[in-house]
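Okay, structure first, notes after.
Each reported figure results from applying straightforward, stated rules to the coordinates on display, with no laboratory input. Since the model is a prediction, treat every value here as computed from it, not as a measurement. Using ideal geometry, Cβ is built from the backbone for each residue, glycine included, and neighbour counts are taken over all protein chains shown.
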Amino acid sequence: MTTSNTVKNTVKRALIVIDVQNEYFTGNMLIEYPDPKVSLHNIGRAMDAAKAAGIPVLVVQHSASESSPIFARGSKSWELHDVVASRHADHHIEKNMASVFTGTDAAAWLQKNEINTLSIVGYMTHNCNASTIYEAAHNGYQVETLSDATGSLPYANAAGYVSAEEIHRAYSVVFHSNFAAVATTDIWLAAIRDGVALPVSNVLESHLAGRQRKAA
């Protein structure tokens, strides 16, 4: 039987701050849900708390070619938002694919720091966050994502239309069903204060709860 002390001793977090760049606030890709002012504030809170708790912070920056309409390297939109740029980071990486692991030294850095739990904030919930969450979970990490320190934007294409809120909510529910514990920043702050992991559901429990809600 695992004791609470054992659980505390086995949680070694890193805060992964994904693509908090001007592109999402003044560029061509505008975050809509949750309110970007709220998510930015909570990203800052998470970074401050991580520094105070001795949790390593990895800042990730997406880069595209200088001619790209989004994330053009060297442009103002490509730059990190001041909320992140003004705060401490233990490591910084650039990426050009969705997952923070692809083409970067993220995995080596996490291994070097003996990290077993990734706490994810930043953008976008359904794209770079999702790709990172899935890959991390498949590679054996415990994963957490802060629902009010992340965000989405709306999409419409040949497959249909979904609002930013619908995308964010659906992905959050799917994450929590199997891949990552989903919690608010306040709940995460309490967890790091207590040195404990956040609980996550599973596919069967989530499905049964969904059936019950549908039948109610």
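Under the criterion of Cα pairs below 8 Å and six or more residues apart, the relative contact order for the chain equals 23 percent.
Distance from the Cα centroid of region 146-205 to that of region 41-89 is 20 Å (rounded to whole angstrom). Charge dipole of the chain (Cα centre as origin; +1 on each Lys and Arg Cβ, -1 on each Asp and Glu Cβ, all else neutral): 460 debye, rounded to the nearest 20. Helices in the chain, meaning DSSP H runs of at least 4 residues, each add -39500 (n - 2.57). Divided by all residues, the mean residue ellipticity at 222 nm is -11500 deg cm²/dmol. Highest mean packing comes first when the peptides 136-149, 101-114 are listed by Cβ atoms within 10 Å, giving 136-149, 101-114. Just so you know, the Cα atoms of region 4-215 work out to an Rg and Dmax of 16.8, 53 Å. Stretching residue 215 away from residue 65 to a fully extended chain increases their span by 49.0 nm, per 0.36 nm per residue minus the current alpha-carbon distance.
Neighbours of residue 205, meaning other residues whose beta-carbon lies under 13 angstrom from its beta-carbon, give a summed charge of +2 when Lys and Arg score +1 and Asp and Glu score -1. Highest mean packing comes first when the peptides 151-162, 119-130 are listed by Cβ atoms within 10 Å, giving 119-130, 151-162. Run down the lysines and flag those whose C-alpha is under 19 Å from the C-alpha of residue 95, throwing out any fewer than 8 positions away in its chain. Straight-line reach from residue 95, under 19 Å: 76. Taking amide H positions as modeled 1.01 Å from N, with prolines and chain starts lacking one, the residues under 5 Å from residue 152 and 5 or more places away or on another chain are 32, 33, 125.
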